[in-house]
Structure formats: structure tokens, C-alpha cells
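The values are calculated or read from the model by the stated rules, or taken from the named source; none is laboratory data. Keep in mind that this is a model prediction, so the values were computed, not measured. Virtual Cβ from ideal backbone geometry, glycine too; neighbours counted across all protein chains shown. Calculation scope for accessible area: heavy atoms of the full protein, side chains included, ligands and nucleic acids excluded. Shrake-Rupley method; radii C 1.70, N 1.55, O 1.52, S 1.80 Å.
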Amino acid sequence: MTQQGVRWTADQVLALAPDVSSRKAGSKLGAAGPWSEAGSSDEGTVWGLCKGSGSKPYQTVVDIADASGPAYKCSCPSRKFPCKHALGLLLLWAAEDGAVPRGDAPGWAEEWLAGRRKRAEGKRTAGEEGSPSGSGDPEAARRRAERRAERITAGATELEQRLTDLLRGGLATAEQAGYGLWEETAARMVDAQAPGLAARVRELGAIPASGPGWPVRLLEECALLHLLDRGWLRRDELPDGLAATVRSRVGLPGSADGPPVRDLWLVLAQYETADARLTTRRIWLHGAESGRTALLLSYGAAGRAPELALPVGLAFEAEVSAYPGAGQLRAALGERFTPPAPTEVRPPGTTTAHAAERYGEALRDDPWLDSCPVTLDRVIPVPDGGSWQLADADTDLALPMSPSAVAHPGLWRLVALSGGAPVTVFGECGHRGFTPLTAWPEGAAGQAVPLC
């Protein structure tokens, strides 16, 4: 199957960039100047030779027809995927200006494609033959789980005591103690094999230096951490769904054991967050038939882009399985039946008032939830003093935009797209405000515009 008939947009190509610097560098290579022998095939392969600093041009090839998502190969030394050459080649192909004519793939590109398809066939064969279920020794796995639960319980108990000591001593002591106190407490939670608690403790350590009003924010976050602690210590008394959510928030790994849902999944948004240890890519999907919203998480080591990447605004047919937990939207991507392709599908929108109600309902299931996904219909970005808000075009209500969104250049893309007219906006609605991630112009036509 090929996507040559309907090519991607430049925004959809750039949404694959692993970081801002790659996006800028790839954009510079999206012109015909540095390229030679570029071409594309009906099977969905794009290739070309890009002039670099060395004597030999870089050989770049992209397979956009694979159901597992676009794949890239480039002879440049970059460890980013896709590299700037792959992005530039796709931009050249997307421009449809004749610089990437149809033809037969050269031998070096065909050799890589043959290897990919051979490995994919091997995986399918292995999957059909099946593998032994379980880890080999269920009893040993049960004992390991019990030992870990005991360690987490000891860690949660210690954390409860530390929170109690903090409140008894007064929140002012948190500012005087500095970050070392929190880092030492987080290290204790890591020893207790509770990475979720450790991460929340580290976040507490940053609050005393976060500006005016920090005592209130610290108290709020301490209360949520206390709630999570108590939830773990009394997890046997919780409903199954909430108990699963507590286990997930504490940091216990889970598996996507929900029934697979086959649907045409629209890629709503994709963005990354990073810390010193890990890069996390969040991909939001909307099921065209099921109406479900699903969140895919993909991880990479610090400084390296996660493997899974899906172009925003495209849709593909696949199976998705949910993770356990009340109100849980995280899912795992199963078998994919078609490659990502342009679509007219859009998520159904709602009003700002219903968006706030939806976040409140989501908090009922998961009190530690920072935000929930919402699509706003017919909203207009308008300035509000030193900030911005998304105002309903048909009512006098509005949602404030989050501080991080106001500081992001995507705000100006949203303002330019709107031009004072209503637009459809997908984003995350939370207690800090609404963070727009993707927008569509009013009307049935118009491509998705990534804002993150």
C-alpha cells in the first residue's frame, strides 16, 4: 500500500522531529539544493542522497508504508531518529514540486527495505507460533511481588512519618532545609522500589523555590502525596479500579490486559517530556468508531528519542489495549493493519464548561491526575491581561490557558490559525489551565496543526 496519492503536510512531517533543533535543521534541508537522485516508489518508500560535509553524500531512505509506523535509515552519524536528513527528505517529498519523482528504489535502499521486511516476517512467524506464557515460574514471580510490596509499604510508612515531621516543624523549614532533604527522601523511596513516590517527592523539592505562594502549593502537593501513601497502605480496602490506579501511581509496572479494540485511530497529538534520566513521548489517539481516547507512552534513555513516533493528523487502523485502573486512558498499541494516512476524521468537540466538568469527573477516578484530554469546539484564543484564554464563540465562558502554553511558541500558531474566528482545539485540561496541543480550522476542510 502506498501513500503517494495523498502526501503528508509539512506540519505532519515536522511533528516527527525528536527535538526543536532537529526540526530547524530538517527544515533547512527541505529544499532541492543539497539533494540528488531523490525518488519515491508506489510501495511507499522515499530515498535520496544528501550532500554533507564529507566527500560522499549521505544515503537517506524512509519507509512510510510500514504498518508499524515510518522507519528511517541514513548513513549520517546522527543518533537521532528521524535525523535531519530524513526530515528534510520527507519535507521535499511533501512539497510535491517534482523534486522527488516516482521511480524504482536504488540498490542500497532496496537492500535495507528487504532486511526490514524479512525481520518483520520473522516476528510475525514467531508470534503465530506462540511463546511460553508467563515468566517461567509463577510461584517465584508471586514471591518477588510480595517482597516488593513489603518494601513499598515500609517506604510509604517512612514517608508518612517524614510528612508528619515536616508539618509539625512548619512549612518554613522546607525552604531552609534546601533540596538535599527532598533528594535524600526520594532516594529512600527508590530503595523501597517505589519510583512513583520518589518522583513526587522530587517535585516537592522544587516548590519552595517556585515563587510567591509556594507554601500553599507545597501543602497541596503534600496532601496529595499523603493521600497516595494512605491509598497504598489501605489498598486492600479500595475498589479494584482505584486500587489499580494507586499501584500505578506508586510506580508498580502494569500490563495492558484490556480487550484489544480495533479502530481507525486518529493521531491527536504527540510531544515529549524529559528529565535527567528519561525521555517520555506522549501520543494521544482518538478512535473514529469507538469514540475512545487513548494515550500511548514511549520511553528513551536521556538524550535519545523514544522509538515510537506517529504523525499528528494522520489515522491508522490498529488494535489498542487499555491498562488497568479507574479512568485509565493509557493503552498499548497492538497489531497495526494500515500505515498512517491522511484522513478527514476529527475528534468531536465540546464546550469549555463541559471540559471543566470532564476534568472534575476524571479527578473522581484518579485524584492525582494533572489533566485530562479534551477537544474544544468553536473557541477563540483571546488575550486576558498578561495571559490568554480560550473563549467559547457561542457563550460568555472561557478556559484560561496554562502558563506553559502561554510561554510556548505554539500559542502564536494557534492565534494565526484562528485570526479571530472559532477553531477546534485538542489539548489537556487541568488545574493549571488548558494546554492546547493541536488545532483545526473551522469547517470540514483543513489539516491538523500541531501546537506542541
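General remarks:
- Gyration tensor (alpha-carbon) shape descriptor, the range 174-258, a/c threshold 1.5: prolate
- Database remark: amide H of Thr438 closer than 5 angstrom to the amide H of Phe426, Leu451 (H placed geometrically; neighbours at sequence offset of 5 or more, or on other chains; Pro and chain starts carry no H).
- Matching label, semi-axes √(5λ) of the Cα gyration tensor in Å computed from the structure shown, candidates (i) 37, 30, 22; (ii) 38, 25, 19; (iii) 40, 29, 22: (iii)
- Straight-line reach from Lys28: taking Cα to Cα under 17 Å and skipping same-chain neighbours fewer than 8 places apart, the lysines in range are Lys51, Lys80, Lys84.
- Bridge type composition, the range 380-452 - antiparallel percent by DSSP, nearest 5: 95
- Angle of helix 352-365 to the longest C-alpha principal axis of the chain, folded into 0 to 90 degrees and rounded to 10: 60°.
- The chymotrypsin sites (Phe, Trp or Tyr not before Pro) found in the range 286-338 that occupy coil by DSSP, while having at most 12 further C-beta atoms within 10 Å, are Phe337.
- Compared with the dominant principal axis of the Cα atoms in the chain, helix 195-206 is inclined by about 80°.
- Report summary: the helix-based calculation at 222 nm, which adds -39500 (n - 2.57) for every DSSP H run with n ≥ 4 and divides by the residues of the chain, gives -12000 deg cm²/dmol.
- Simple spin-label estimate for Asp42 and Asp165 in nanometres, 7 Å along Cα-Cβ: 7.3
- Close amide-amide hydrogen proximity is noted between Trp388 and Met401, each under 5 Å apart and 5 or more residues distant or on a separate chain (H modeled in the peptide plane; Pro and chain starts excluded).
- Accessible surface for the chain, divided over its residues, is 49 Å² per residue with a 1.4 Å probe.
- Rounded to the nearest whole Hz, the Karplus-based 3J(HN,Hα) values (6.51 cos²θ - 1.76 cosθ + 1.60, θ = phi - 60°) of the range 43-49 follow the sequence 7, x, 10, 10, 9, x, 10, with x at glycine and proline.
- Residue-wise HN-Hα coupling along the range 154-169, computed from phi with Karplus coefficients 6.51, -1.76, 1.60 (Hz; x: Gly, Pro): 5, x, 5, 5, 5, 5, 4, 5, 5, 5, 4, 4, 5, 5, 5, x
- Compared with the dominant Cα axis of the chain, that is its longest principal axis, helix 214-233 is turned about 90°.
- Packing-based order for 185-196, 404-415, 165-176, using average beta carbon neighbours within 10 Å, highest first: 185-196, 404-415, 165-176
- Bridges between two residues of the chain, per DSSP, are antiparallel at a rate of about 95%.
- Residue separation of Ala393 and Tyr179 scaled by 0.36 nm, minus their Cα-Cα distance, works out to 72.5 nm of gained length.
- Residues whose placed amide H lies under 5 Å from that of Ala398, excluding near-sequence neighbours: Asp392
- Heavy-atom SASA rank of Ser55, Ser248 (probe 1.4 Å, accessible area, largest first): Ser55, Ser248
- Calculated from backbone phi, Karplus (6.51, -1.76, 1.60) coupling profile of the range 285-294 in Hz, x at Gly/Pro: 10, 10, x, 5, 9, 6, x, 7, 10, 10
- Carbon + sulfur, % of accessible area of the range 298-340 - ligands and nucleic acids excluded, 1.4 Å: 43
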